[in-house]
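Accompanying notes for the structure given below.
The values are calculated or read from the model by the stated rules, or taken from the named source; none is laboratory data. What you are looking at is a predicted structure, and each value in this text was computed from that prediction instead of being measured. A quick note on method: Cβ atoms are made from the backbone with ideal geometry, for glycine too, and the neighbour counts reach across all protein chains shown. Calculation scope for accessible area: heavy atoms of the full protein, side chains included, ligands and nucleic acids excluded. Shrake-Rupley method; radii C 1.70, N 1.55, O 1.52, S 1.80 Å.
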Amino acid sequence: MTDNYTQQYSDVFGCTHLTKVNYNEKQFCHQCGIYINNPSTRVFKTLKLKYNTFFDPIKILEHSLLSRTITSQFQYRQQVIEFLEQATERLRLSNNTLILAIQYLDEYFELQQVNDQQVFLYAATALMLAAKAQELDERIPFISKLKRYTSMTSHPEINSFKNEDFKAAERSIIQVLNWKLQQVTLLDRVEAILSFGVIDDDDSLGLQKENKQDDIKHQKLRDIPEQQILQIVKEIENKYTELVLQLIKENIYFNIDQSILALSCVAYLRKKSGLLNIWSQQLQNITNVPAQKISQTVSQIMTLMAKFTNRSSRNTTHHSYIEQYSSIGTPTAGVPPLTSFPYNTQPSRFIFENQKPVYLRSQPKIQPTLYTSGSQLAISKNDLRTDQIKMKNVKYTYLNYNENDKYEQQHKVGGNSSMIRTKIFQA
């Protein structure tokens, strides 16, 4: 154990980097994959982004940062993304699968046109193909399951398509993409960069100024306890997926090189976590990209996310498709009556004993355990607008999941990180 990476460091971050390997005159920890630029400077990341360096990490990073630009948006793209988010939540697929499906469609619709009535058929099929590329076998939704769960979204018409329609759409997507289904997404690029460690001892934490006239105060991370550094690291590692999911919906996602956008995401996350500088010597050495090359894109992301935060603070509705079912409100004074479920879904999504829909009050909020097989919610008369609906102890059953609910997704970086890196390396 080196003097820099002490037992206390190991207790907090999970590795002391005892076994090192060299690739292209750069040193990496064999156990966790962290890049050690300077032996006298500690680098920080958690085991969430751990991977074993069985392959050359430099080649993996180079492949991750290959130039790629998406130039145009297809019609109904925002609606398609909303639909895919709903379907992904229903099927409990990973965000990696969701973003890969969107990338398939961006490329496919740039080269091929389809009938407007079939857009969501192709979207559902792209999600199935992405799951085949990303998920473990037991999580892949084949056509029958795909139809069932995607029709429980804002587009129940998916269930009207025949199996042959899905097969034809699958063949078309595969042929247009020239069988290149193992693709590197923006999320993969950001994960690859973060997995090398993007915070080190030489970084400084910006401190609040007592007066506006004071100079910016800062404190080196080497002078901060490990537990406080851990919070900064987690701030970055827990927010990157959310950032990518937001950016793919915005105009900034187009006409900017994906590698520059990924590097800018990392720089933005550093700044957002409280670090004084958006870039570091550690990052410049591993990526060979100076801060000047990404500064403009970082500024655009900061402006965009500030606007998004302001919009979110004014928006009181739930963003999760499933959560909206637990906050459906009944008519109140001055508010028009609720006549449909969110996203124009059909009330028949729920199975009622008397076949009549029940509208729940917003307060108190009722949150059924929707992901538990055979879950039920008993609704007492106190939870209903009894002046409009006269029902007692109504019980309904949500459509059940037959899969083993103890299953935990493992195809993320935290579960089986080498799988992602192997995919990138071999693609």
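Rounded to the nearest 20 debye, the dipole size of the range 1-136 about its Cα centre is 420 debye, using +1 on the Cβ of Lys and Arg and -1 on the Cβ of Asp and Glu. With the simple spin-label model, which puts each label point 7 Å out from Cα in the Cβ direction, the Gln281 to Lys217 separation comes to 2.6 nm. In terms of overall dimensions, the C-alpha atoms belonging to the range 1-141 reach 64, 31, 24 Å along their principal axes, ordered largest to smallest.
In terms of the mean number of neighbouring beta-carbon atoms within 10 Å, the peptides 94-102, 291-299, 157-165 order highest first as 94-102, 291-299, 157-165.
Let me test this: with uniform point scatterers at the alpha carbons of the range 132-263, what is the Debye-based log₁₀ I(q)/I(0) at q = 0.11, 0.13, 0.15, 0.21 1/Å? Those come out to -0.69, -0.85, -1.01, -1.32, one per q.
Pairs of Lys residues in the range 65-181, spaced 8 or more positions apart or belonging to different chains, with C-alpha separations under 19 angstrom: 9 in total. Restricting the chymotrypsin sites (Phe, Trp or Tyr not before Pro) of the range 109-155 to loop positions (DSSP other than H, G, I, E, B) with no more than 13 neighbouring Cβ atoms within 10 Å leaves Phe142.
Each Lys and Arg adds +1 at its Cβ and each Asp and Glu adds -1 at its Cβ; summed about the Cα centre, the range 214-309 shows a dipole of about 60 debye. At the residue level, Lys249 shows approximately 60 square angstrom of accessible surface with a 1.4 angstrom probe and all protein chains present.
For Ile81, the shell of other residues with beta-carbons less than 14 Å away shows a net charge of -3, using +1 for Lys and Arg and -1 for Asp and Glu. Please list, in chain and number order, the residues 5+ apart from Asn277 or on another chain whose amide H is under 5 Å from its amide H, with Hs placed from the backbone. Those lying under 5 Å, H to H, from Asn277 are Ser204.
The modelled label-to-label distance for the pair Ser72/Leu181, using points 7 Å beyond Cα in the direction of Cβ, is 2.6 nm.
Note on the range 12-109: Lys pairs 8 or more places apart or on different chains, Cα atoms under 19 Å apart, count 7. For the range 129-141, putting each phi into the Karplus relation 6.51 cos²θ - 1.76 cosθ + 1.60 with θ = phi - 60° gives couplings of 5, 5, 5, 4, 7, 10, 8, 5, 4, 6, 9, 6, x Hz, in residue order, rounded to whole numbers and with x for Gly and Pro. Measuring only protein heavy atoms, the 1.4 Å probe finds Met305 accessible over about 20 Å².
Which value, in debye to the nearest 20, gives the size of the charge dipole of the range 160-294 about its Cα centre, when Lys and Arg are +1 and Asp and Glu are -1 at the Cβ?
Working: 17 positive and 19 negative charges, 73 e Å.
Taking the Cα centre of the range 160-294 as origin, the dipole is about 360 debye.
For the range 29-169, with all protein chains in place and a probe radius of 1.4 Å, 48% of the accessible heavy-atom surface sits on carbon or sulfur.
Stretching Asp137 away from Phe308 to a fully extended chain increases their span by 57.9 nm, per 0.36 nm per residue minus the current alpha-carbon distance. Distance between the modelled labels on Arg171 and Gln112, one decimal in nanometres: 1.1 nm (7 Å Cα→Cβ projection). Shown is the FRET efficiency for Ser144 and Gln246, computed with R0 = 35 Å from the Cβ-Cβ distance and rounded to the nearest 0.05: 0.60.
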